[in-house]
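Comments concern the structure below.
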2 protein chains.
Amino acid sequence: MTPVPAEVEKNSRNVTVNRGPFVVPGFVAGAAESGMRYSGRPDLALICALDANGCPAAGVFTRNMFCAAPVELCRDRLKAGKAKAILANAGIANACTGEEGKAKAAQMARLASEALGCPAESVLVASTGVIGRQLDVQPAARCMPALVASLRPDGWGDAARAIMTTDTVEKMAGLRIELEPGIEVTVGGIAKGSGMIAPNMATLLVFVCTDASVTPEVLRHWTRAGAEESFNCITVDGDTSTNDSLMVLAGGAAGNKTISDIRSPESEAFGRALTKVLRDLAIQIVMDAEGATRLIEIEVSGARDRESARQVAFTIANSALVKTAFFGADANWGRIVAAAGRAGVPLEPERVSLFFADLCVFQNGVPLPGEQIEEEATRIFGQKEIHLRLDLGLGSGSFTAWTCDLSFDYIKINASYRT
Amino acid sequence: MTPVPAEVEKNSRNVTVNRGPFVVPGFVAGAAESGMRYSGRPDLALICALDANGCPAAGVFTRNMFCAAPVELCRDRLKAGKAKAILANAGIANACTGEEGKAKAAQMARLASEALGCPAESVLVASTGVIGRQLDVQPAARCMPALVASLRPDGWGDAARAIMTTDTVEKMAGLRIELEPGIEVTVGGIAKGSGMIAPNMATLLVFVCTDASVTPEVLRHWTRAGAEESFNCITVDGDTSTNDSLMVLAGGAAGNKTISDIRSPESEAFGRALTKVLRDLAIQIVMDAEGATRLIEIEVSGARDRESARQVAFTIANSALVKTAFFGADANWGRIVAAAGRAGVPLEPERVSLFFADLCVFQNGVPLPGEQIEEEATRIFGQKEIHLRLDLGLGSGSFTAWTCDLSFDYIKINASYRT
């Protein structure tokens, strides 16, 4: 196997993710309006591999005990490591719907498979919306011809808009890297989600396609690893949804030598590219979170290990008091320290320091007083993107979590979601 | 030892807690205005046992790793099982304040002890307010004579008002039970707290006095057991404060035979009375929680054990999505079930049922559809006090948690707390 040249490696590290329109050779996407719950907007999205036999596919799903019917269906179908298409609907989650819900998820897949002329088992499904309501299959059946007719190489934006619920913007991310000399591959994906966002895991819908040629095992490995570094690092409200689904399809149209060794340089390069797209989509999710006005990056360093750093970071990231202080641009750092103190991780207060960007406000357990620090902290809290670092002074474990502030609009959106 | 007659037992169960003014023989309380942080309102409270030698005392404190200086002081002093007085200030928490904070907590206790003429070690202190700011001791010193002069048997209301921060009403609860034939004892207490309320433990200040004669060991036992059944069952925002303190003083003026056997009927009767007062104060805290418009009682039944029921109940009670739905009076029960599903407790969806009051909306994993159910659920969600029960269908473990809804006012209060 030819080793990947240094400049390509470098490329894959520095390559910029494109949030605008993209095309993934070998795939088409589209959307249609079924009217199942919403009116006057598309609510069905379809993504399809052009290869008649489908392609390698992998997925990561919610750990919620009440996982939705489409999640159960996909978990089962992805055991084969292959898929031809993904059909997603917005408006009704098909979760907590019992046997009827399972039958309806299978019916949805069958509708798409009949329209596409492929086996039913090769279609994956995903749903997002209200929990506890049954899917209305008839409207989906009626608009299936229109949905299939809408499929085109640049249909990703339409698909991204069709899966939105309380999202205010569609989320897209694509990039190209040179995987072997002269052979470029594309990784492109769409996502939706703006509430019920917490790790364990994605708490949203994410569909990514690539024209790289990868075995199902390698794809599964990087899908899981990528989720760990992206969607498992964000939280909006700590609520893990019943429907979280991340699915990745690898079509192979790029013509690279099929990546089958997880530890090969090409595999690593592919993994980095996939992770980059996933992380960009994850950040987009937090930035468009329900009512969010600020993006907050919470870095916990100096922990005994990554797991305890993670626990502290998420306790801060999910604290209603911390999040409201960010909304009010009030540099009330005591709440951040107090949240760390209740994370269930042993701490030594006299070793803990807190920084906003590069400004230290709390050093080895003692507040740094002074009007200048207060003014500078207030200035930092007024920004749209805020970085804070809590150093625990105990070891070398670290973790970075992303969250947003908690605003009036979060309450407004969620107090009347169903009406 | 004379067994307690049946009717007394019954009395202690059915006795009603009085939220109005009360008197605890052997104790005085008072308040004064130091102007340390607030102006135009009392901010210091003092509670004092009349017995020159003090009396049995016990406490339960926050488990936050960044516990406040006064908490450290009290933990240490209560090892002796005795105390003479409690001095509390509102406005500054004296948490995350390092060695200077510890010295200032000791200074505050010394000020009170000098004014009262008792040993410094017999004075307990408590603080609530902003984290990370140092106490201003001089204003407290100046008003100490006025504070001591304010002490009187019916000063509890003044003391309760002096420890308020974002509280909108003072919290008081008192009751009398016949402990032995012809001997009545009083249990009376005050509390503050309306944000940073979560179990582990109280996340607030609670001071309770009784004229019952009890050994320090028995008092310690029932203080802990009572906290478990009251303040450890409530949450407002899941944020455990740095300053939570529950302290109970037992003066003995009632003249009952000193309770020294934890398992005696008198001990049990005393424990029930104390728990009743603590639970009433806990419910008052939730009802006055920051921005709260509804009290929500979440009962989880049919769990494998109490601990897993507790975990599910608190995951629901702390879910921002559940709490906003309650605020909007939107009977969006899917969020309740989804929160249960992410509690980290193994569940079998097809055994789970959900009730609002007596109305079943989700039975053995399947939603009960129909406009009538929806209408009735919406009516229940419109009430000020809502009871919901989630039956897991797995065993006999149960737990009840109390929480409130999440409203615009919670954001408003907390986005600008320091200003």
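The values are calculated or read from the model by the stated rules, or taken from the named source; none is laboratory data. Note that the coordinates shown come from a computational prediction; the quantities given were computed from them, not determined experimentally. FYI the Cβ positions are ideal-geometry reconstructions off the backbone, even for glycines, and counts take in every protein chain you see.
Restricting attention to the stretch A:394-417, which residues are closer than 25 Å to residue B:406 by Cβ and more than 10 Å from chain B (Cβ to nearest Cβ)? Passing the criteria: A:401, A:402, A:403, A:404. Scanning the stretch A:55-80 for residues that are away from chain B (no Cβ under 14 Å), under 22 Å from residue A:278 (Cβ atoms) and buried (at least 17 other Cβ atoms within 10 Å of the Cβ) gives A:55, A:56, A:57, A:58, A:59, A:60, A:70, A:74, A:77, A:78.
Return yes or no: is residue B:331 at pLDDT below 90, closer than 30 Å to residue B:409 by Cβ and not in a helix (DSSP H, G or I)?
yes
Is it fair to say residue B:87 is closer than 23 Å to residue B:193 by Cβ and not aromatic (Phe, Trp, Tyr)?
Details: closer than 23 Å to residue B:193 by Cβ: yes; not aromatic (Phe, Trp, Tyr): yes.
Against the criterion (closer than 23 Å to residue B:193 by Cβ and not aromatic (Phe, Trp, Tyr)), residue B:87 qualifies.
Consider the stretch A:87-112. How many of its residues are touching a residue at least 24 places away in the same chain (Cβ under 8 Å), away from chain B (no Cβ under 14 Å) and more than 20 Å from the chain's Cα centre (by Cα)?
Of the residues in the stretch A:87-112, 7 are touching a residue at least 24 places away in the same chain (Cβ under 8 Å), away from chain B (no Cβ under 14 Å) and more than 20 Å from the chain's Cα centre (by Cα).
Per-residue answers, yes or no, for (1) free of Cβ contacts under 8 Å to residues at least 60 places away in the same chain; (2) more than 14 Å from chain A (Cβ to nearest Cβ); (3) of a type in the set (A, V, I, L, M):
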| position | (1), (2), (3) |
| --- | --- |
| B:273 | no, yes, yes |
| B:278 | no, yes, yes |
| B:284 | no, yes, no |
| B:292 | no, no, yes |
| B:297 | no, yes, no |
| B:302 | no, yes, no |
| B:312 | no, no, yes |
| B:346 | yes, no, no |
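Scoring residue A:267 on the criteria (1) assigned to a helix (DSSP H, G or I); (2) at pLDDT below 95; (3) touching a helix residue (DSSP H, G or I) at 6+ places or on another chain (Cβ under 8 Å); (4) not β-branched (Val, Ile, Thr) leaves a single failure, condition (2).
Let's see how each residue does on (1) outside any loop (DSSP other than H, G, I, E, B); (2) more than 7 Å from every other protein chain (Cβ to nearest Cβ); (3) under 17 Å from residue A:292 (Cα atoms):
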position	(1), (2), (3)
A:315	yes, yes, no
A:321	yes, no, yes
A:336	yes, yes, no
A:343	no, yes, no
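Residue by residue, here is whether (1) in contact with a helix residue (DSSP H, G or I) (Cβ under 6 Å, 6 or more places away or on another chain); (2) modelled with pLDDT of 95 or more holds:
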residue	(1), (2)
B:17	yes, no
B:22	no, no
B:26	no, yes
B:32	yes, yes
B:44	yes, yes
B:59	yes, no
B:68	no, no
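Is it the case that the stretch B:144-161 has a residue that's polar (S, T, N, Q) and either within 30 Å of residue A:350 (Cβ to Cβ) or not assigned by TED's automatic domain parsing to the domain that holds residue B:86 (or both)? No, there is no match, as no residue in the stretch B:144-161 is polar (S, T, N, Q) and either within 30 Å of residue A:350 (Cβ to Cβ) or not assigned by TED's automatic domain parsing to the domain that holds residue B:86 (or both). Just checking, does the stretch B:250-269 include any residue being surrounded by fewer than 24 Cβ atoms within 10 Å (Cβ to Cβ), within 19 Å of residue B:406 (Cβ to Cβ) and either aliphatic (A, V, I, L, M) or more than 13 Å from chain A (Cβ to nearest Cβ) (or both)? So far as the stretch B:250-269 goes, no, none of its residues is surrounded by fewer than 24 Cβ atoms within 10 Å (Cβ to Cβ), within 19 Å of residue B:406 (Cβ to Cβ) and either aliphatic (A, V, I, L, M) or more than 13 Å from chain A (Cβ to nearest Cβ) (or both). Within 14 Å of another protein chain (Cβ to nearest Cβ) and in a helix (DSSP H, G or I): is that true of residue A:380 in this structure? So residue A:380 does not fit the description; no.
Table: residues versus (1) in the same structural domain as residue B:262 (by TED's automatic domain parsing); (2) modelled with pLDDT under 90; (3) touching a Ser or Thr at 6+ places or on another chain (Cβ under 7 Å); (4) surrounded by 22 or more Cβ atoms within 10 Å (Cβ to Cβ).
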{"residue": "B:178", "(1), (2), (3), (4)": "yes, no, no, no"}
{"residue": "B:181", "(1), (2), (3), (4)": "yes, no, no, no"}
{"residue": "B:190", "(1), (2), (3), (4)": "yes, no, no, yes"}
{"residue": "B:200", "(1), (2), (3), (4)": "yes, yes, yes, no"}
{"residue": "B:207", "(1), (2), (3), (4)": "yes, no, no, yes"}
{"residue": "B:212", "(1), (2), (3), (4)": "yes, no, no, yes"}
{"residue": "B:221", "(1), (2), (3), (4)": "yes, no, no, no"}
{"residue": "B:224", "(1), (2), (3), (4)": "yes, no, no, no"}
{"residue": "B:227", "(1), (2), (3), (4)": "yes, no, no, yes"}
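Residues in the stretch A:352-372 that are within 11 Å of another protein chain (Cβ to nearest Cβ) and either surrounded by fewer than 20 Cβ atoms within 10 Å (Cβ to Cβ) or touching a His at 6+ places or on another chain (Cβ under 9 Å) (or both): A:363, A:364, A:366, A:368, A:369.
Screening the stretch A:289-318 for residues that are in contact with an Asp or Glu (Cβ under 9 Å, 6 or more places away or on another chain) and over 17 Å from residue A:354 (Cα atoms) and picking the one that is surrounded by the most Cβ atoms within 10 Å (Cβ to Cβ) gives A:289.
Tallying residues that are more than 22 Å from residue A:341 (Cβ to Cβ) and without any contact (Cβ under 8 Å) to a residue 60 or more places away in the chain within the stretch A:375-398 yields 6.
Scanning the stretch A:229-240 turns up at least one residue that is surrounded by fewer than 19 Cβ atoms within 10 Å (Cβ to Cβ), touching a residue at least 12 places away in the same chain (Cβ under 8 Å) and assigned by TED's automatic domain parsing to the domain that holds residue A:29.
Restricting the stretch A:383-393 to residues that are within 16 Å of residue A:322 (Cα to Cα) and buried (at least 17 other Cβ atoms within 10 Å of the Cβ), the residue that is farthest from the other protein chains (Cβ to nearest Cβ) is A:389.
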